[in-house]
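Worksheet for the structure shown next.
None of the figures in this text is laboratory data; all of them are computed from the coordinates on show. Since this is a predicted model, take the numbers as computed values, not measurements. Cβ placement follows ideal geometry from the backbone for every residue including glycine, while neighbour counts extend to all protein chains displayed.
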Amino acid sequence: MQKSMGITLRTANRGRHNRTNQFIIMICNKAKVLMSAAIDGELTAKEEEELSDHLATCAQCRDEFQEAKNTKIIIQERMVRVKAPKNLIESIVRMTTVIS
Amino acid sequence: MKEKKKSLSAQEELKQKEFQKEAVAHINALYNYALHLTMNPDDAEDLVQETYLKAYKFFDSFERGTNCKAWLFKILKNNYINKFRKNAREPGKVDYDLIKDFYHTIKDVQSDTTEAESDFFHSLLHEEVYQALQSLPEEFREVIQLCDMEGFTYEEIANMVESPIGTVRSRLYRGRKLLRAQLEDYAKKHGYNTENGE
Ligand SMILES: [Zn+2]
């Protein structure tokens, strides 16, 4: 009787532990999806709260968030941007003048 | 007779003024978008020209107060699909030589800012970031460009790529994940440690 009680208890504990791990993994994955939109300022107030709650407790996701921000900055700063050729601008200005 | 003509041209003149103020202001952004779509300066010029021709013709249907840049991008994208999609490169198939050539033809215009920073993000070159972005499947590359380079909202992007906002959101998430993996590869090649001491 006592023995079987012990087994039941251990099994129950293990069950809870697995559930907790899965719960944390699920939260981290969700947080990662939210981060991407958070950087763009596209979260709802509720999502924003969810994310900041998670970041307050998860150092790994805080690092990840910083890295995600860096990636956006890199694209903004390092992407090649050129000016439209002068003749193109002129021809478009001319075009809108000629049509009438 | 003369009177009538005069009033019509005055109205036209007003339209012109507004168009040049509202629409022509975005020509650099449109040209860059066209370049990245076509990878060819001549095609890009044609595309921008046709876009403005169409935009001017339909300028009355532009909803005043909405984002004119987004409206123009949408017209350009539609034009591009109609004109070039048939012989566009297959998704996932990237011509690196073409990208390299293309990059070198346009990079002279870019003034290079050299920073003394030593972390791996700052070590990346324009060319590497450009190649990393170009190596992504088009559906990911496009939303990253529209969001990060052009600063469009998710709603505007969703309208341009004709997908729900949720799709835009998840494409951005997945695209950025791929992009970061790509950038980390470059960083490793340069001998930077990307593990962040973890
Ligand atoms: Zn986490």
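Of the peptides B:69-80, A:57-68, the order by per-residue mean of other Cβ atoms within 10 Å, starting with the highest, comes out as B:69-80, A:57-68. Shielding value for A:30-40 is 4, the average number of Cβ atoms from other chains within 10 Å of each residue's Cβ. Distance between the C-alpha centres of segment A:33-67 and segment B:43-57: 40 Å, rounded to the whole angstrom. As a size descriptor, the averaged projected area of the C-alpha convex hull of segment B:1-88 was calculated at 6.7 nm².
Between B:L14 and B:S163, full extension at 0.36 nm per residue minus the direct alpha carbon distance yields a gain of 50.1 nm. Residues of segment B:24-58 falling in the label zone of A:K83, defined by backbone nitrogen less than 20 Å from a point 7 Å along Cα to beta-carbon, are B:24-36, B:41-42, B:44-46, B:48-49.
Legend: mean number of C-beta atoms from other chains within 10 angstrom of residue C-beta atoms, peptide B:139-152, equals 2.
Packing, taken as the mean count of other beta carbons within 10 Å per residue, orders the peptides B:53-61, B:153-161 from highest to lowest as B:153-161, B:53-61. The mean count of C-beta atoms from other chains within 10 Å of the C-beta of residues in A:66-78, rounded to a whole number, is 6.
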